[in-house]
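In what follows, a single structure is set out as structure tokens and then discussed.
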């Protein structure tokens, strides 16, 4: 009962924020004699303000195509709303300055241009979220087994199969990876979004994803919001090996996969590494979902940490916030003390299917 009350309170807070945000954008647009808000405009603005919460509540209960379409439209609008807010703020700043300095200003003309630019940016960000890049990274790892010199490894994360991304999206990702002919494939969690879905059918394209040294998966936070059994079973039934806090040897290269739930707790993560007995004299890779607790992985002697989770914020201004939170580990190739790290921005999206200031990607690591 307490959890339910907290959830209801959270939903109400989000809805209140959306009401305020929509009111701010609406008042910005109608604040002048050039744009008078009609009753129907107010009704439409009110409907938009409740669309995302309504779509999200429906999406967590139903899987029909009208619900999926409604959720996708509402999610896109939520992202565009962010750009409209960012456009409205400088409009009021300019208006305030013009009032203080007694400079004549056509406020609505300024708003029209800024809002027009915001919508154009929103359209680009929506299209960009569907343009998956191949990111190529050359790596040198100490004590790399001779068998791995010149070999390639594919990393993909955060596909988020659900109401926005589905089996056709995963089939495209599988096709892109197979075209690169990697020696092994690592999937760093959040294959699923967590919304109602036929998980077995959604994972079916993974059957075609094959590599000489195997395909490996670790659970992300979206698989482990609750019981992850159905998700992990679907991945295994598709022929992918799920790493449950374990180590595999791929021709001398040590690869350790730890699920999000266990990697989130420093004591549990450190104990897992001790049990797995990492050989510090050979190259090793730590596959995890989020770039958390890199100091524990580095202390355990890992050569390289691979992860996703951040999405690099997906779109501005959240890209700036993510960089503020994770620093150098927010995205890309970095070095943490004696360990190299690579954080992927992911292939899919969560929430608004937009990308601005980040790109969806599949990562190909070449060992030199």
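For the stretch 151-163, the count of residues that are without any contact (Cβ under 8 Å) to a residue 24 or more places away in the chain and in a loop (DSSP other than H, G, I, E, B) is zero. The requirement of being surrounded by fewer than 21 Cβ atoms within 10 Å (Cβ to Cβ), free of Cβ contacts under 8 Å to residues at least 60 places away in the same chain and over 28 Å from residue 124 (Cβ atoms) is fulfilled nowhere in the stretch 319-332; no residue meets it.
For residue 182, the conditions (1) without any contact (Cβ under 8 Å) to a residue 24 or more places away in the chain; (2) surrounded by 17 or more Cβ atoms within 10 Å (Cβ to Cβ) are fulfilled apart from (1). Selection of the stretch 217-228 for residues being farther than 18 Å from residue 269 by Cβ and either at pLDDT 95 or above or buried (at least 16 other Cβ atoms within 10 Å of the Cβ) (or both) yields 217, 222. Scanning the stretch 83-111 for residues that are within 22 Å of residue 125 (Cα to Cα) and loosely packed, with under 11 Cβ neighbours inside 10 Å turns up nothing. The residue that is farthest from residue 292 (Cα to Cα), counting only those in the stretch 208-223 that are touching a helix residue (DSSP H, G or I) at 6+ places or on another chain (Cβ under 9 Å) and outside any loop (DSSP other than H, G, I, E, B), is 208.
In the set 147, 91, 87, only one residue is under 30 Å from residue 347 (Cβ atoms), in a helix (DSSP H, G or I) and outside the structural domain of residue 356 (by TED's automatic domain parsing); that residue is 87.
For the stretch 320-335, which positions are assigned to a helix (DSSP H, G or I) and within 23 Å of residue 140 (Cβ to Cβ)? Matches in the stretch 320-335: 328, 329. The requirement of being within 29 Å of residue 300 (Cα to Cα) and surrounded by 16 or more Cβ atoms within 10 Å (Cβ to Cβ) is satisfied by residue 213.
The values are calculated or read from the model by the stated rules, or taken from the named source; none is laboratory data. Note that the structure is predicted; figures quoted are calculated from it, not measured. All Cβ positions, even for glycine, are placed from backbone atoms using ideal geometry, and neighbour counts span all protein chains on display.
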